[in-house]
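Quick notes on the structure that follows.
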Number of protein chains: 2
Amino acid sequence: METVDDAAVDPGGPAAATEGDGRGTAAPAPRRRARARATASMADVARLAGVSAQTVSRVSNGYPGVTEETRRQVLAAMKELGYRPNSAARALKRGEFRTIGVITFTLSTTGNVRTLEAIANSAAREGYAVTLLPVAVPTQDEVRGAFSRLEELAVDAVIVIMEVHLLDAATVHLPPHVQVVVVDSDAGDRYTVVDTDQHGGTRAAVRHLLGLGHRTVWHLAGPEDSFAAQRRTDAWRAALTEAGRELPPLVRGDWSAESGYRAGLELAAVEDCTAVFAANDQMALGLLRALHEHGRRVPEDVSVVGFDDIPEASSFLPPLTTLHQDFAEVGRLCVQAVLRKMRQEGPERGTTLVPARLVLRQSTAPPPEGGAEGR
Amino acid sequence: METVDDAAVDPGGPAAATEGDGRGTAAPAPRRRARARATASMADVARLAGVSAQTVSRVSNGYPGVTEETRRQVLAAMKELGYRPNSAARALKRGEFRTIGVITFTLSTTGNVRTLEAIANSAAREGYAVTLLPVAVPTQDEVRGAFSRLEELAVDAVIVIMEVHLLDAATVHLPPHVQVVVVDSDAGDRYTVVDTDQHGGTRAAVRHLLGLGHRTVWHLAGPEDSFAAQRRTDAWRAALTEAGRELPPLVRGDWSAESGYRAGLELAAVEDCTAVFAANDQMALGLLRALHEHGRRVPEDVSVVGFDDIPEASSFLPPLTTLHQDFAEVGRLCVQAVLRKMRQEGPERGTTLVPARLVLRQSTAPPPEGGAEGR
DNA sequence: CCCAAGGATGTTTACGCAAACATCCGACCG
DNA sequence: CGGTCGGATGTTTGCGTAAACATCCTTGGG
């Protein structure tokens, strides 16, 4: 079957003869020249250019030691045949694929997506391709499965965008030469980690709110199993403790706007609550809706700060004060780190933090008079 | 340089002797066994298991003709050596990479991301990996560049998520056996296209609004260069014309919430305007804010319908009535289509549409009494 | 004028795998 | 009991490339 199919496609490959397009034709043609022959090889170019394959290789790789004259001839032959180096052969020979694998749980969070995009762009700039490995469910088994698939995959390095405690037992089978960089993790002692400075960002948010006069700051946290959420929560606690403020009970969401709404229903009922730090913008959005529906005005009655600065944040009602994450930079650093590790130029482990920047919009204001402040 | 580096990495590959980790060690070890030797080969497994390489291959590929006894031995040897098939060699031999390339412009639109995710998941299920090719700027040159990189890349097929008029001249250099499927295009006559049924969705939205009693429906369109936007606009026109309604002037945005806000400022000033169909949810969000700021209540004064049904849409103020796109299905069909094309089982071209579903929330209602309706 | 040096080019080989073909052996048939 | 068949396994070969080595030719110095 495949013989015939490919022969039909053959645009006049140097060696193969075209042989009609009848599917049933009992083709005596060499079977081996199946798919691969749809494209010209170095040998074909060499033949046409009247040189050796090695010379073609030299031209192809921009190596020196080729006359300008010869080079031109070879290039012409390449063009005529539509020659493209076969990356499989190249990879086999060179022992590297110039590809980075990215394992990510979900693409439904802005952060993951933006980071992925930045990684892809940075990688492309370095001449690397990015292979995506989605993990359907964030279980150990699934992660291990992804790694397992990755092992057979053509990658030189791996970047993991995920809560890392799922990683621990999973990496063991990775080929030793594959380097790993992790986003969103506290495993800086075992891997190279690049992340946003959750702590600094959170601290800025809390201080901003306290600075406006709020007695304390409530926190709408992300899911427990997320390191980012965990660190934001820890930092929130630390900032409040440090300032000697009361620690309100934690309200937990799951990153989704819907969960923010549910949490908001609780918070709206708390008279005391004049300032909320939401662990991401989506939850802040839900929170805004809940507060609105319960007649709590933002920012007059309640101030809200988000985290991420998604593009839509400036169009919320009201436009959301939030922490801007520089995902592009995170992605860029990930690629740099992993390439450095591959070249054995960088450190084996350690954490790099990218600062978050507080973006002031209209969802924060001093607390209402006679509100919590006056107590 | 690389010799030493790699030697240091070698964890005791079957053949190579470990030799300290001193970087400067003048290693007399075989140079050729550089990186590749960090992993065991079929031959190593064969040696350890006391069988031929071919038998290892058979086990590795699950071929028949191997005794259970032998198979177990081979598997044990594989495990002991941590054997992983070398995908480059495999690809070279088989002439296929089991990888699908995805070219996409930006990952900043929900649709692209969700589609990509679905593609990755479907591909994984079929045993295919997905290589991501971001195009920084949507120019012909950039697209051509992406295709060009793709040619040297290890992919068997390509899925393009992009406005297709940038494609036309760009595909010419693609290796003939690489199949292409396009999302969001009207080039069904040249490619296989999978897309959401923009027309049907839009029609449902317009009819819904007209059904509520609105005299006509305004349209907040997406950017001109987007096929999806164009089709939504066309369908909106058609639906209104068909119903014999007046065609209000087109208001154009660029998909962003910010542009929706700007457009909303205009629309808020139009007394006449009681119903708006926004070409996506983000613009609808901006629109909601603008209307709110100008005292136009939604849905009492103005009804708004979006497109996409992003997760946040249910948390807008008010929760947004919108058209749900089944991106997962689109992605799945893309993968199916491209695999079918590869296997020459499917049609060479043609368009597959995935229906959009109107999700009723709280942003639509009958027009205000004495409003546009009464005129 | 001859030979060494060095640049241009060609030849050989191996990367790891799997298709094609070859071989071996036991079982079953007449 | 010889032959044959078929399953299990081994051997050969080539995929396209690029490193290492070999060869050729030109050039320039002694």
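The values are calculated or read from the model by the stated rules, or taken from the named source; none is laboratory data. Since the structure is predicted, the reported quantities are computational estimates derived from the model, not experimental observations. For neighbour counting, all protein chains shown are included, and Cβ atoms are generated from backbone atoms with ideal geometry for every residue, glycine included. Side chains are part of the model used for accessible areas, which takes the heavy atoms of the whole protein and leaves out ligands, DNA and RNA. Shrake-Rupley method; radii C 1.70, N 1.55, O 1.52, S 1.80 Å.
In nanometers and ordered shortest first, the copy-to-copy spacing of the A:Arg125 label point, defined 7 Å from Cα toward Cβ, is 3.7.
With its label point put 7 Å out from Cα toward Cβ, B:Glu242 sits 6.1 nm from the same residue's point in the other copies, in order from shortest. Between the range A:251-321 and the range A:134-153, the alpha-carbon centres lie 35 Å apart.
The same position A:Arg357 in the other copies lies at 4.2 nm from this copy, comparing label points 7 Å beyond Cα toward the beta-carbon, shortest first.
Counting pairs of alpha carbon atoms under 8 Å apart in space and at least six apart in sequence, what relative contact order in percent does the range A:85-137 give? Could the numbers behind the result be given before it?
Details: 47 pairs, mean separation 24.3, N = 53.
Computed value for the range A:85-137: 46 percent relative contact order.
Close amide-amide hydrogen proximity is noted between A:Phe307 and A:Asn280, A:Asp281, A:Leu323, each under 5 Å apart and 5 or more residues distant or on a separate chain (H modeled in the peptide plane; Pro and chain starts excluded). Amide H to amide H, with H built 1.01 Å from N, A:Val158 comes under 5 Å of A:Gly101, A:Gln179, A:Val180, A:Val181, counting only residues 5 or more places away or on other chains. Would you mind giving the total buried accessible surface between chains B and A, with a 1.4 Å probe and ligands, DNA and RNA left out, rounded to the nearest 100 Å²? Heavy-atom accessible area buried at this interface is about 5300 Å². Per-residue 3J(HN,Hα) values for the range B:231-242, derived from phi via the Karplus relation 6.51 cos²θ - 1.76 cosθ + 1.60 with θ = phi - 60°, read 5, 5, 5, 4, 5, 4, 4, 4, 5, 5, 4, 4 Hz in sequence order (x marks Gly and Pro). Within the range B:121-158, the GluC sites (Glu not before Pro) that combine a DSSP coil assignment with at most 16 other C-beta atoms in a 10 angstrom radius are B:Glu126.
Counting other Cβ atoms within 10 Å, which GluC sites (Glu not before Pro) in the range B:234-289 have at most 12 and lie in a DSSP loop?
On the way: sites: B:Glu242, B:Glu246, B:Glu258, B:Glu266, B:Glu271; in loops: B:Glu246, B:Glu271.
Here the sparse-neighbourhood loop sites are B:Glu246, B:Glu271.
Along the range A:60-77 the Karplus relation, 6.51 cos²θ - 1.76 cosθ + 1.60 evaluated at θ = phi - 60°, assigns HN-Hα couplings of 4, 9, x, 7, x, x, 10, 4, 4, 4, 4, 4, 4, 4, 4, 4, 4, 4 Hz to successive residues, with x for each Gly and Pro. Less than 5 angstrom separates the built amide H of B:Leu220 from those of B:Phe277, B:Ala278, B:Ala279, all sequence-distant by 5 or more or on a different chain.
Couplings 3J(HN,Hα) for the range A:335-345, derived from phi with the Karplus relation 6.51 cos²θ - 1.76 cosθ + 1.60 (θ = phi - 60°), are 5, 4, 4, 5, 5, 4, 4, 4, 8, 6, 9 Hz, where x marks Gly and Pro.
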